[in-house]
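Reviewing the structure listed below.
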Amino acid sequence: MPAKEPGYVYILTNPSFREDWVKIGKSSRPVDIRSKELDNTAVPLPFEIYATLKTVKYDIVEKKIHKAIDRLTDLRIRQNREFFNIKPELALEILRDEAMVLDDAEVTLYKDNKPVKPVDPNKPIDPIPPIPHRPRFKFSMVNIPIGSTLTFVPTGVKVKVASDDQIEYDGRIYKLSPFVGTFMPAEKRNTSGAYQGSKYFTFKGEILDDIRSRLEASSVEVLAAE
């Protein structure tokens, strides 16, 4: 059997996205070709290549990087997509960590979609600030009282708030994330199996995590004004 050809795990950015959004995927072909394929009417501006990792194990490495990011917290912007709410510098750190355990890894940085220099996985680069810890979601954070009804978005099922961090469905008590992992339809599951529960339920038509972000932003604005 012929040896498997190497492929790429890539980190892409996009000027039309927030600066801490990236796309992390894989391709069996040069990444400049893949990035051009992604340039369509759904994205206002073309993608830009930030970094690549070339290896014959690109399939496995891509899954491991996705899983590593999901374990940090749920940074995936949409669970069935390769978009993450993470700075490209931190994504590069995770990619470098995977490269260190590979015999054939070639990590390359890009500028203006052109390779500028290879990256030595064993050589330190500028430190990345740690991700600030975000406390676990509780209903009291978003002023949702016990007894309120929520909607599980993927299926439309109604559940009831049973405590500050639990819901009731069909006579059983669940925390949000385990409920999502249990009742998420097969066609909507992600590869890692990690879910942030507050992103999958609505209260009065608004996603719980969006309510939390809105209230957090309001608090910051109030503090800034004082």
**Complete:** So for R0 = 41 Å, FRET eff. of residue 45-residue 148 from the Cβ-Cβ r, to 0.05, ends up at 0.50
**Prompt:** For residue 55, what is the net charge nearby, where nearby means another residue's Cβ is under 9 Å from its Cβ and Lys, Arg count +1, Asp, Glu -1?
**Reply:** -2
**Fill in**
Taking every other residue with Cβ under 14 Å from the Cβ of residue 164 and scoring Lys and Arg +1, Asp and Glu -1, one gets +3
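Throughout, read-outs are computed from the coordinates displayed, never taken from laboratory work. It should be emphasised that the depicted structure is a prediction, and the values quoted were computed from it without experimental measurement. Cβ sites come from the backbone with ideal geometry, for glycine too, and all protein chains shown count toward neighbours.
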